[in-house]
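The values are calculated or read from the model by the stated rules, or taken from the named source; none is laboratory data. Remember, it's a predicted structure, so these values are computed and weren't measured experimentally. Virtual Cβ from ideal backbone geometry, glycine too; neighbours counted across all protein chains shown. In case anyone asks, the SASA skips ligands and DNA or RNA and just uses the protein heavy atoms, side chains included. Shrake-Rupley method; radii C 1.70, N 1.55, O 1.52, S 1.80 Å.
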Amino acid sequence: RKEVEQDPGPFNVPEGATVAFNCTYSNSASQSFFWYRQDCRKEPKLLMSVYSSGNEDGRFTAQLNRASQYISLLIRDSKLSDSATYLCVVNFNDYKLSFGAGTTVTVRA
Amino acid sequence: NAGVTQTPKFRILKIGQSMTLQCTQDMNHNYMYWYRQDPGMGLKLIYYSVGAGITDKGEVPNGYNVSRSTTEDFPLRLELAAPSQTSVYFCASSYSPAGSGSPLHFGNGTRLTVT
């Protein structure tokens, strides 16, 4: 079983729409959770950390469900600039992070 | 403030050749990492370092070596290139251990092709 699994998509949505997707993780001892954004042929960049109580950053909302071992990302009022691959990242131990293969989102005009 | 700088951006190697991927950061981070990213796969940790003079293996260290003589620099060495090492390589650094919640700062990546 992969340590982190994501629906690869692509999710094709019109501007202004809401899009949401999940990832599941296998290590029940994981304590740190993140969403990174990666544009085509670019490096990953931290989008947001995910906290137990859930958190928002502008149009982005992240949720953590420890019981079912999944985290989610919701994007409201999608912009063309939100088109990217979103990487789900979970810590395996102090130094190792497990990366999902990414969920691709394409926002169309 | 340049952040994490990797060179070269692109490289084509023949099987059996050697090369060093350079990585330097100017954020005074103790923690540095090398990842590879293959199509359709998540990033895999090759090696990491917790400070100058200290390195350790990650998930996929075979065929690679690293050194960390200074806080700033963390080069990755490929000794005998193989086609399986064709990948995109990312260097990253963090203020605290990545697993503790400290965000990773990535370099721009090196696209390596071995033919």
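Restricting attention to the stretch A:72-109, the residues that are of a type outside the set (G, A, S) and within 14 Å of chain B (Cβ to nearest Cβ) add up to 16.
Could you count how many residues in the stretch B:26-46 are over 15 Å from the mean Cα position of the chain (by Cα), within 11 Å of chain A (Cβ to nearest Cβ) and either part of a strand (DSSP E or B) or closer than 19 Å to B:T70 by Cα (or both)? The total comes to 0.
Only one of the numbered conditions (1) more than 14 Å from chain A (Cβ to nearest Cβ); (2) open to solvent by less than 70 Å² (accessible area, probe 1.4 Å); (3) in a loop (DSSP other than H, G, I, E, B); (4) on the phi < 0 side of the Ramachandran plot is not met by B:N62, and that is (2). Scanning the stretch B:77-95 for residues that are surrounded by fewer than 16 Cβ atoms within 10 Å (Cβ to Cβ) and either aromatic (F, W, Y) or within 9 Å of another protein chain (Cβ to nearest Cβ) (or both) turns up just one, B:Y95.
Checking the stated criteria, A:Y51 turns out to be among the aromatic types (F, W, Y) and closer than 18 Å to B:G99 by Cα. Residues in the stretch A:1-22 that are more than 9 Å from every other protein chain (Cβ to nearest Cβ), open to solvent by less than 30 Å² (accessible area, probe 1.4 Å) and of a type outside the set (G, A, S): A:V13, A:V19, A:F21. In the stretch B:105-115, the residue that is nearest to the other protein chains (Cβ to nearest Cβ) out of those that are assigned to a loop (DSSP other than H, G, I, E, B) and open to solvent by 10 Å² or more (accessible area, probe 1.4 Å) is B:N108.
Select from the stretch A:23-51 the residues that are under 25 Å from B:H105 (Cα atoms) and open to solvent by 80 Å² or more (accessible area, probe 1.4 Å) and write down the one among them that is farthest from the other protein chains (Cβ to nearest Cβ). Filtering first and then ranking leaves A:C40.
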